[in-house]
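No lab work stands behind these numbers, since they all come straight from the coordinates. Computed from a predicted structure; not experimentally measured. No Cβ is skipped: glycine too gets one built from the backbone with ideal geometry, and neighbour counts run over all protein chains shown.
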Amino acid sequence: MKKLLTVVLIAVLAIPAFAQITPIRDIQYTTEASGDSPMNGQTVTISGIVTAEPYAYGNSYFFVQDDNAPWSGIFVYDSAPDDILIAEGDSVTLTGTVEEKYGMTRFTDLTSIVIEEKGVFGIEPIVVTADQIATGAAESESYEAVLVQIRDVAVANPDEGYGEWSVTDGTDTVMVDNGDYYFWPAEYDSIKSITGPLHYDYNNRKIAPRIAYDIVEGVKKGQDKAYTRIQRIQQVRYSDLVKAGVDAESDASYLVREAGDSSLMTVRGIVTMPTGISYAGDGIKFILSDPHGGPWSAILSYNADSTIYPVLFPGDEIEMTGYVGEYTTDDANMTEFWLVGDIEILNFEQALPDTPVVKTGDLRWPTTAEQWGNVFVKTENCVVTNNDLQYEVMEIDDGSGAALVDDDSDSLANYIAPPVGTQLQSVVGWIYHHYGSYADSTTYKIEPLFERDIVAGEGPALLTSAKRTPQLPSSSDVVTVQVTAVTNRSITDAKVYYRVDNAASYTEVVMTDQGEKVFAGDIPAQAEGAFVDYYFYVEDEKGGVSTLPSDVNLKNFSYVVTDGNPTIRDIQYTHWANGESPFHGSTVTTTGYITAGQGYVTQFTNSGVSALPMADDSGPWNGIFILATPEQLAGLQYGQEVTVTGRVDDNYDEYWRWQKNTYIVADSIVAGDVSEPPTPARVSISDIAADHESFEGVEINVTDFSQIASINQYDITITNGSDSILLDDDCVPSEIFSITSNEYAVIGGTDTVRVGDYLDIVKGVYLFSYGTFKIEVRDGTDLGLTSATEPVVPMTYALHQNYPNPFNPSTSISFSLPEQTLVSIQIYNVRGQLVQTLTNSVYAPGQHTLTWKPVNLSSGIYLYRINAGDFNAVKKMTYLK
């Protein structure tokens, strides 16, 4: 598994420490001609809203802003690990170093990324003119890294080199940075608006659009009206594509017409799928593409009235007016263009866009598949892996993951799928986002128009059906491994390479043809406890080379030599980064102790099974999950010894959600006596952060005094001040542990905890879910608390994080008192100036909440301080107008 980000909670401790939260203006503002920051070289903490996410710029940098004003933006030259999703609109707190590099003030070398709240947005672009932001303009330094918008411009130079271009609004000329926003400036006379952060690079100020939505096209050369390009309708942010797999909604177009809106837009493009060929019920549909082709370039138009469209053929250039909507089927959510009025055919027999070659594995998940929706693509060198499907024609795989081929086209109504194992030279079709489930990656389907779009052929061998005999070798066993080479070519060389105990080099064994291009070879017997890695190598008559796994530097097949049943550590331990068990796919028998009661059951909705953790020793690599039916798991208790027989699986069901844990899919469970299970591993947050994979399935007891760094609707981030982990409530009822989105969590039905509070005890089982490792709470004692029927008086003083934060127009500030006390709460700006005294009164013991509504104050960071007896605390909050 990939290592999670180190998150440091930066606490605002006292009034003299206000400098811990630095307004971006203090970093950026300067009167020096150089434009260099007065804080160059200093390490500081900033807080603001992400205005451009890193995925728009190759995951190399992003932009943050803390006010809708000049001097309020900063260029962050760093990116988070893959496990941390930094999305446009997120409220973040970052610690890093201010650096001047080539004339640009950068915030770099991040040591802390705290996502305070997801999807806040609130930063609107500042409308500017070219003479304010152009290179050398007096005001341009103040807009550096600020989200700006320039309107009603003409293309000054469509090619400034390196994909960059420039525009003018009559006041001056400003550069536009390159990027994946699918706009071709040489084709346009005018542009209605361009939006993006103002970048400085290679001695030029440049607007840096993020996606196609940021450039609103004007009139193309030689045309008399403005057309909305299809890419601007279709393209969505990477962060929304990640969320789409969970909410099935976040891939919706940003141009969908809302209720009550009657506005229309006009599109122009090339017909790629004709009318009348694909199923549309009593209606009619076709596909329109931008002539440039590529990602996001096509859209489907449907109408229930089959007479409303003229007969359209591939190559027809048309224009049509209408609006954008979303058509939902199960998980799928497909953008469509709904016609209002008539279609005008402008030209005939125009060139069709190029057909891009994609991997079948890229059609399984929104982050890689959604961009190809309605686009005609080609897959190459595939093998038929299933031809017995209820609705689709077949399943194909080019080695990167299986994709479905569907018969939406009437011309495929009588097509007979070739046998499983047939190699296909290519399959061409459009990508339909239609029915299916994200859980098993069946929402995206390839839709050929004609049988001729499915071409049988030859190519390098696709290696499949890897087997090992015996599956669980002992020290006396020679291990026979075999693989099937699916190809129409002759195989000239077949080998298996193996090594023992992670040795620096591999030993080669020649494999022999067993018939039907099944090749087998023998790995010699090894000593008990040996960890053996191996991979297959095949070369054909034309020099085509294939290996399995395809990238042997990332993964090998593996096994552990055991004279008897394997331990859980034997099953779990691997030195490969993907975390896959050396016994993946093998049937094993192992014994351990249940480490959670019936309150801890993860439901796998598609297959009717649930999960319980078990362990046979304390510490890393000694925990695993049992998958079984609820009936098989019924009655099992914490501490009960069980012997489980079943198949080891690291990719079970429920794609994305819980797929990457190592499970034993139980055939049988023999229950023994109830006793004390192995002692939970006593570990620090830093121990876990250093090697997440080794704690998968392990019962842990966190030794740190853990502070809550952030809360969202799914989980809590806790930190020891240098590293962090997630704490989750998926497996317990709300009366034990309930998380309320971005505000607070309730423990034991009575105790409310917020950002900044401490947890005395944190225990649970470590689990990988939704792309991240986390501690799953099993019952109330895992947090050192039990359910209470009576409200309890807080044992300590506390000042809680305001909610909402950021906020507009008001926010709530809560505090806890163990005794009656005089309480003073005062609001300060970041310069330490008193803004308002919110209260100065005596309060009874308990929880109290006040509301603050700023009056005549500017957006930005504010701090609130409590004085109650000997207790003092300070927290920060963000006000956005």
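Modelled spin-label separation between K881 and N488, with each label point placed 7 Å from Cα along the Cα-to-Cβ direction: 7.0 nm.
Dividing the mean sequence gap of close Cα pairs (under 8 Å, 6+ apart) by how many residues segment 468-564 holds gives a relative contact order of 34 percent.
Over 19 Å apart at the Cα level, from the set K206/K243; K445/K660; K853/K875; K467/K555; K192/K220, are K206/K243; K445/K660.
Using Cβ contacts closer than 10 Å as the measure, can you line up K192, K495 from fewest to most? Walk me through the numbers before you get to the answer.
Details: K192 13, K495 17.
Taking fewest neighbouring Cβ atoms as first place, the list is K192, K495.
Divided by 2.2 N^0.38 Å, where N counts the residues, the Cα radius of gyration of segment 646-763 comes to 1.22.
Would you list R237, R151, R229, R25 from fewest to most Cβ contacts within 10 Å?
Lowest to highest Cβ neighbour count: R151, R25, R237, R229.
Look at the alpha carbon pairs under 8 Å that are at least 6 residues apart: their mean separation over the length of segment 213-325 gives a relative contact order of 28 percent.
Can you figure out the FRET efficiency of Y435 with T464, using R₀ = 30 Å and their beta-carbon distance, to the nearest 0.05? Please report the intermediate quantities before stating the final value.
On the way: r = 28 Å, r/R0 = 0.92.
Efficiency for this residue pair is about 0.65.
What the Cα atoms of segment 139-237 give is an Rg and a Dmax of 12.8, 38 Å. Ordered by residue, what ³J(HN,Hα) values in Hz, to whole numbers, does segment 405-421 give under the Karplus form 6.51 cos²θ - 1.76 cosθ + 1.60, where θ = phi - 60° and Gly and Pro are x? So the Karplus estimates, Gly and Pro as x, are 10, 10, 10, 4, 6, 4, 5, 9, 4, 10, 6, 9, 5, x, x, 4, x Hz.
Its DSSP H runs of at least 4 residues, each contributing -39,500 (n - 2.57), put the calculated 222 nm mean residue ellipticity of the chain at -1000 deg cm²/dmol, to the nearest 500.
Counted by Cβ distance under 15 Å from L850, the other residues give a net charge of +4, where Lys and Arg count +1 and Asp and Glu count -1. What is the log10 of I(q)/I(0) for the chain, computed with the Debye formula using one identical point scatterer on each Cα and no solvent, at q = 0.06, 0.08, 0.10 Å⁻¹? Log-scaled intensity ratios, in q order: -0.50, -0.89, -1.30.
Once you keep just the Cα pairs under 8 angstrom separated by 6 or more residues, what percentage relative contact order results for the chain?
On the way: 2456 pairs, mean separation 63.5, N = 881.
Here the relative contact order equals 7 percent.
Using only alpha carbons, build the gyration tensor for segment 405-466 and give me the equivalent ellipsoid semi-axes, biggest first, whole Å.
So the equivalent ellipsoid measures 21, 18, 10 Å along its semi-axes.
The simple Förster model, with R0 at 41 Å and r as the Cβ-Cβ distance, assigns T750 and S262 a FRET efficiency of 0.20. A convex hull fitted around the alpha carbon atoms of segment 262-302 yields 92 Å³ per residue. Fewest-first ordering of D687, D282, D305 by other beta carbons within 10 Å of each residue's beta carbon gives D282, D305, D687.
How would segment 263-405 be classified by its alpha-carbon gyration tensor: rounded, prolate or oblate, with rounded meaning a/c under 1.5 and the a/b versus b/c comparison settling the rest? Walk me through the numbers before you get to the answer.
Numbers: a/c = 1.93, a/b = 1.64, b/c = 1.17.
Judged from the Cα gyration tensor, segment 263-405 comes out prolate (a/c at least 1.5, a/b above b/c).
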